[in-house]
Amino acid sequence: MDITIAITNHNQEETLSKAIFSIYNQTEIPTMIYVLSDGKMPVNFYKNVYIIDNSKNPGRCTNRNSVISYFLNNRTDALIFIDGDSWLANKKVIANYKKLLEKYDLVFGTRRHTSIDNIKVPASDLLTANMDELWQKRPLNYDDLRITSGAIKAWNNAKTFDEKMDLMLTGMIGWSCNFGITKAGLLKHIEFMKKEYGIDNALFDSKTFAKGWGYEDVAMGIDTMYAGLNVGISKDIEIMHQAHERTDGLFDHIKGKHLIMERYRNLYNNYQI
């Protein structure tokens, strides 16, 4: 199985270098590497790395969707996404992806935060994972929230579509910072997105989530399930995520959650699964 990796970039040159070097350090090297940039353009001095300039058409969904036509026209079999403020945590991330993408159409990995020293308000998932620790002034747990909450175990134990959909709706499964999808799975998903939303060549819904409230990754997860993809999640595919200041607020989550539930109700009424 040949692999393409897409790395998002929004003014993240320092961590982008870490991401690229962590890819070069894998036991199995991808065939193609793309940097999807909707911010300050990185200097392209990396071997076999191609930059897609989305600075004139920014947005999380549009940026990620920009690699699809390139991927569909190259000879690789699966596409892995990581964010530009992250890097692969060990040398076997790509090897583990290849193994799981033989079984699943789409696989979500996990992330571990770096230290929050000198950060006043950490990101939401790190705060949520450490509510008890912060309250009782105990050492913080930097593991993925989906691991500390038991969501990954619950997903892997779920037997029915409804059980898995309940977990997907919590926002605890479908994160976009570390996931892979096969070419066959992506083609199936693209067909669904065209039929359901009238969007061409789309993995993410750039119409509904154009303003970047987040939750575009949860929507993507829901859509892949209704598109009929076999979705897996593994704690063995880990990235390191650069800790940063919290940039969202309570009302951002309310807006995003409203869009998710509205989307789910429409799909529930349209499909009998």
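Can you tell me which of (1) under 23 Å from residue 193 (Cα atoms); (2) over 15 Å from the mean Cα position of the chain (by Cα) is the one residue 89 doesn't meet?
Answer for residue 89: the failing condition is (1).
Restricting to region 36-83, give me the number of residues that are in contact with a Leu (Cβ under 9 Å, 6 or more places away or on another chain), at pLDDT 95 or above and among the β-branched types (Val, Ile, Thr).
Total satisfying the criteria: 4.
Just wondering, is there one or more residues in region 170-182 that are surrounded by 20 or more Cβ atoms within 10 Å (Cβ to Cβ), polar (S, T, N, Q), out of contact with any Lys or Arg (no Cβ under 8 Å at 6 or more places or on another chain) and under 29 Å from residue 19 (Cβ atoms)?
yes
For region 192-224, name all the residues that are farther than 30 Å from residue 91 by Cα, among the hydrophobic types (A, V, I, L, M, F, W, C) and either within 15 Å of the chain's Cα centre (by Cα) or in a loop (DSSP other than H, G, I, E, B) (or both).
199, 202, 209, 210, 213, 219, 222
Need the failing condition index for residue 84 against (1) closer than 29 Å to residue 208 by Cβ; (2) touching a helix residue (DSSP H, G or I) at 6+ places or on another chain (Cβ under 8 Å); (3) not in a loop (DSSP other than H, G, I, E, B); (4) not basic (Lys, Arg), just the number.
(3)
Rundown of residues vs (1) touching a strand residue (DSSP E or B) at 6+ places or on another chain (Cβ under 9 Å); (2) assigned to a strand (DSSP E or B); (3) within 21 Å of residue 242 (Cα to Cα), yes/no style:
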residue: 8; (1), (2), (3): yes, yes, yes
residue: 15; (1), (2), (3): yes, no, yes
residue: 21; (1), (2), (3): yes, no, yes
residue: 29; (1), (2), (3): yes, no, no
residue: 34; (1), (2), (3): yes, yes, yes
residue: 41; (1), (2), (3): yes, no, yes
residue: 55; (1), (2), (3): yes, no, no
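Quick one: would you say residue 210 is over 26 Å from residue 1 (Cβ atoms), of a type in the set (A, V, I, L, M) and touching a His at 6+ places or on another chain (Cβ under 9 Å)?
The answer is no for residue 210.
Does any residue of region 150-169 turn out to be under 14 Å from the mean Cα position of the chain (by Cα), surrounded by 20 or more Cβ atoms within 10 Å (Cβ to Cβ) and farther than 26 Å from residue 75 by Cα?
yes
Which members of region 88-100 meet the condition of being surrounded by 24 or more Cβ atoms within 10 Å (Cβ to Cβ) and not in a helix (DSSP H, G or I)? Spell out the reasoning first.
Here is the first cut: in region 88-100, the residues surrounded by 24 or more Cβ atoms within 10 Å (Cβ to Cβ) are 88, 93, 97.
Answer for region 88-100, where residues must be surrounded by 24 or more Cβ atoms within 10 Å (Cβ to Cβ) and not in a helix (DSSP H, G or I): just 88.
Using beta carbons and a limit of 7 Å, which pairs, at least six apart or on different chains, have the first residue in region 149-167 and on the phi < 0 side of the Ramachandran plot and the second one loosely packed, with under 12 Cβ neighbours inside 10 Å and in a loop (DSSP other than H, G, I, E, B)?
161/273
Given the criterion more than 19 Å from residue 87 (Cβ to Cβ), hydroxyl-bearing (Ser, Thr, Tyr) and out of contact with any Phe, Trp or Tyr (no Cβ under 9 Å at 6 or more places or on another chain), identify the matching residue among 62, 31, 27. Please lay out each step first, then the result.
Working: 62 fails: out of contact with any Phe, Trp or Tyr (no Cβ under 9 Å at 6 or more places or on another chain); 27 fails: more than 19 Å from residue 87 (Cβ to Cβ).
Residue meeting the stated conditions: 31.
The values are calculated or read from the model by the stated rules, or taken from the named source; none is laboratory data. Please read all numbers here as calculations on a predicted model, not as lab measurements. In this analysis, Cβ positions are derived from the backbone assuming ideal geometry, glycine residues included, and neighbour counts consider all displayed protein chains.
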